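What follows is calculated from the coordinates using simple rules that are stated; it is not laboratory data. Fair warning: this is a prediction, and the values are worked out from it, not measured in the lab. Note: ideal-geometry Cβ built from the backbone for every residue, glycine included; neighbour counts use all protein chains shown.
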Amino acid sequence: MSTQHAAAPPHKATPTPQGWLQGAFEVDLHASRLYIISKHARRDAHPAKAHINALYPATQGRFLAATSWGLLSSEDQGRSWTPCAGDALALDPLVVLHTPRQLLAFSPSGLHASQDAGRSWEPLSRSRHDAPPWARAEDAAIQDEHLAFIAGGDLWWADLARPHLPKHIAWTRKPYITSILPLPRGFLLGTRSGALLHVPAPDDVQAVGQLPGPVEALASWRGHTLALTRGCLWTLHPHRDPALLPTPWLGHQARLLVARDTALLYNHQDAWIGDDANWWRVEGFPHKTSHVALQAGTLLTTDQKHIHTLQLADLLRCGTLHRATHP
């Protein structure tokens, strides 16, 4: 995620209970694109654009956009956006995690929670020293009442009731962990060396497989466990070797997103939607795409200036999803 921040807000902005953000943003939806600009007191001043750093699905039909000037929320699948309330002014999350009771946001400013599907945020623990683990969070997952997350290649473990009190898990032979997936018992970890590890408990780690490259993502999809490495998708089985899944190859910069029965393989300029046996190319996928969020058939992308909204069902009906010649 980009850490570049936009210029400071204009000094004449009117303070509000949640800071200047509430009255300082203008959201302009034009040609299915979202523009975020600041409202300057001087009419002849050039508007300053906020950098969009990440997109996250929140709940059904709701998305979050992390910007250099705060966190925005959309309740209509990206058609309109409003600033989040509470402590969202300084919130620029690295990871947003869904739990049964709340949303958790891991950010350099601290660990935050939302009880209302992302509309407002309150701090659980602020960053009081140089390197809190949530300031370096890369991935996170929950299983039953346990929270596990990755920070700087290390594993941290906490009770879900007390997520602000994580414990660092140290092993004799330290692997560099890159991805995490909840299992019926414990977690599955992917590593930079390609090793797959099953961790039923903090003091128990078991090697369960090996892939030919760094494990960049793990996901559950249609009853399968998927692993992405070097642009290739693999299916993982408890008692068999990993099997290569025939998919379009998008190079080493490929990324994987899964939402319910939909899998999305994409890079900065191309995207493919998959089901059990077929893959379709998403025509019109914006070039120089920086961030992507997928939820219930709605695909949001950003190129650091605009947010583009694509409805996958509409694309399929219009014939703008093209089936791959090599399923």
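Taking amide H positions as modeled 1.01 Å from N, with prolines and chain starts lacking one, the residues under 5 Å from Arg230 and 5 or more places away or on another chain are Glu216. For region 202-210, the Karplus equation 6.51 cos²θ - 1.76 cosθ + 1.60, evaluated at θ = phi - 60°, returns couplings of x, 9, 9, 9, 10, 6, 10, x, 9 Hz by residue, with Gly and Pro reported as x.
Subtracting the Cα-Cα distance of Gln206 and Lys167 from their residue separation scaled by 0.36 nm leaves 12.1 nm. Near Ala170, once Lys and Arg are set to +1 and Asp and Glu to -1 for all other residues with Cβ below 14 Å from its Cβ, the sum equals 0.
Size descriptors for region 144-192, from the alpha-carbon set: Rg then Dmax equal 10.7, 30 Å.
Model label sites at Gln60 and Ala313, defined 7 Å from Cα along the beta-carbon direction, differ in position by 1.2 nm. Taking a point 7 Å out from the Cα of Glu145 in the direction of its Cβ, the residues of region 195-227 whose backbone N falls within less than 17 Å of it are 201-202. Modelled spin labels at Asp303 and Ser193, positioned 7 Å past Cα toward Cβ, are 4.2 nm from each other.
Between the amide H of Leu124 and those of Leu111, His112, Ala113, distances stay under 5 Å, these residues lying 5 or more places away or on another chain, with hydrogens modeled in the peptide plane. Summing +1 for each Lys or Arg and -1 for each Asp or Glu among the other residues whose beta-carbon sits under 15 angstrom from that of Thr191 gives 0.
Other residues within the sphere of radius under 12 Å centred on the Cβ of Leu94, judged by their own Cβ, net out at -2 (K and R +1, D and E -1).
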